[in-house]
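Remarks on the structure that follows.
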């Protein structure tokens, strides 16, 4: 169900843009190292459920998942939907900070090619070029973008 919600959220926001799919699931923020207003290293712990049949292609097999991210002005200007802005990226980082401080689960995922592997031998370490805080009446999620969609 979370995967469908992410797709529906993205579809409603993208309007005329092509959608490349996406997903999110509840995670626990284990650490967040802010290196600047937009650069960060995030470590999350997916909350895999034994009843869950869907296995996320990025962090579905990871006990801990590390994202080295930034906000890419070039990507966001030319390849990301217009709602993926520096302001939305900073808002997503603020929400992650709150989740870390409160140890609260937060929905985290991706759209399109949401992440890129840093090293194929280390599948649970990835890069992100932008985050987006999606707030919907039914669900709130932080979604990662790496390449245009």
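The values are calculated or read from the model by the stated rules, or taken from the named source; none is laboratory data. Note that the structure is a prediction, hence the values are computed from the model and not measured. FYI the Cβ positions are ideal-geometry reconstructions off the backbone, even for glycines, and counts take in every protein chain you see.
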Within region 68-96, count every residue that is in contact (Cβ under 8 Å) with a residue 40 or more places away in the chain and assigned to a helix (DSSP H, G or I).
12
Residue 99 meets each of (1) surrounded by 14 or more Cβ atoms within 10 Å (Cβ to Cβ); (2) not in a helix (DSSP H, G or I) with one exception, condition (2)
Expected single match for at pLDDT below 95 and surrounded by 15 or more Cβ atoms within 10 Å (Cβ to Cβ) among 63, 76, 49 is 76
Which residues, counting only those in region 111-149, are more than 13 Å from the chain's Cα centre (by Cα) and within 19 Å of residue 66 (Cβ to Cβ)?
117, 118, 119, 120, 121, 122, 123, 124, 125
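Every residue, every condition in (1) touching a residue at least 60 places away in the same chain (Cβ under 8 Å); (2) under 16 Å from residue 82 (Cα atoms); (3) outside any strand (DSSP E or B), yes or no:
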{"residue": "109", "(1), (2), (3)": "yes, no, no"}
{"residue": "123", "(1), (2), (3)": "yes, no, yes"}
{"residue": "133", "(1), (2), (3)": "no, yes, no"}
{"residue": "143", "(1), (2), (3)": "yes, yes, no"}
